[in-house]
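**Student:** First the structure, then my questions, so here it is.
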Amino acid sequence: MSLLRDHDLARAFDHASHTYDRLTSLNPGYRTDLLRSARRLRLPGEGAGLRVLDLGCGTGASTLALLRAAPRARITAVDASAGMLRRALAKPWPARVRFLHLTAEEVATAGEGPFDAVFAAYLFRNVTDPDAVLGSVRTLLRPGGRLAVHEYSLSGSPTHRALWSAVCHGLLIPAGTLTGDRALYRHLRHSVTAFDTAPAFAGRLGRAGFTGVRVAPVAGWQTGIVHTFLARNGSTTETEDTR
């Protein structure tokens, strides 16, 4: 199948927004893994005085992970889907969190930034031109700013690819069919297999000019299927772990 892109993908997420949180709650570790990736940014002082961008915030699960990892940061959360944003806005948030209806490509020209950190969960395999979006992220990040990408990016092992296919055919696509969102969950399956492997996306980050690129797996059944990618906009002498 052809992948959904741009407005077609945003409309599919609009339609799926009313059941999205319920379906993701069926995924063991979904929110725990988001929180682990947000914490891997290792923002100092609980984020006090820092501006953080949640790029592709969806219904706010990644925003909540950032808020828990850096409770004193000012967070700007953006998404291209109006329906997903409505679900996010219906939840309680402190005043230092704000939401904007923007595509990933639009943020750099919307007068936002600079940011001390960018968090992008489940975004890059869904954009038409990931290299262009990475370039925009670099313009949004201050020098030395931190990037964490939490993404379905297969390890390259045939075992992990087979596991992903089995989960999609046995659970995700049937569940999406029941909610009337079969096209979106078929897109999910194919967007993952068509996207970079973890080593390839790490290489893409390096070619985009990011430094200190590191890849860390998540735990549980998604090991080898979902990874955290960590990088900096410019050089750093800090030593960090990826726990």
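**Student:** Between residues in segment 193-217 that are on the phi > 0 side of the Ramachandran plot and residues that are modelled with pLDDT of 95 or more and assigned to a strand (DSSP E or B), which pairs lie under 8 Å by C-beta distance while being six or more apart or on different chains?
**Tutor:** GLY212/LEU230; GLY212/ALA231; GLY212/ARG232
**Student:** Restricting attention to segment 141-186, report how many residues are assigned to a loop (DSSP other than H, G, I, E, B) and either more than 24 Å from GLY209 (Cα to Cα) or among the hydroxyl-bearing types (Ser, Thr, Tyr) (or both).
**Tutor:** 6
**Student:** Next question, about the same structure. Between residues in segment 38-49 that are among the charged types (D, E, K, R) and residues that are surrounded by 22 or more Cβ atoms within 10 Å (Cβ to Cβ) and not in a loop (DSSP other than H, G, I, E, B), which pairs lie under 8 Å by C-beta distance while being six or more apart or on different chains?
**Tutor:** ARG39/ALA69; ARG40/ALA148; ARG40/THR228; ARG40/LEU230; ARG42/ARG146
**Student:** A further question on this structure: For segment 88-137, name all the residues that are more than 24 Å from THR228 (Cβ to Cβ) and part of a strand (DSSP E or B).
**Tutor:** ARG98, LEU100, HIS101
**Student:** Please verify whether ALA162 is small (Gly, Ala, Ser), under 17 Å from the mean Cα position of the chain (by Cα) and more than 17 Å from VAL127 (Cβ to Cβ), treating the condition exactly as stated.
**Tutor:** no
**Student:** Also, quick follow-up: Could you list all residues from segment 31-46 that are out of contact with any strand residue (DSSP E or B) (no Cβ under 8 Å at 6 or more places or on another chain) and of a type outside the set (Lys, Arg)?
**Tutor:** THR32, LEU35, PRO44, GLY45, GLU46
**Student:** Which residue is nearest to PHE229 (Cα to Cα), if the candidates are limited to segment 17-60 and must be of a type in the set (Gly, Ala, Ser) and buried (at least 22 other Cβ atoms within 10 Å of the Cβ)?
**Tutor:** SER37
**Student:** Tell me yes or no: at least one residue of segment 171-192 is without any contact (Cβ under 8 Å) to a residue 60 or more places away in the chain and over 30 Å from ARG22 (Cβ atoms).
**Tutor:** no
The values are calculated or read from the model by the stated rules, or taken from the named source; none is laboratory data. Just so you know, these numbers come straight off a predicted model, no measurement behind them. Positions of Cβ are generated from backbone atoms using ideal geometry, with glycine treated the same way; all protein chains shown enter the neighbour counts.
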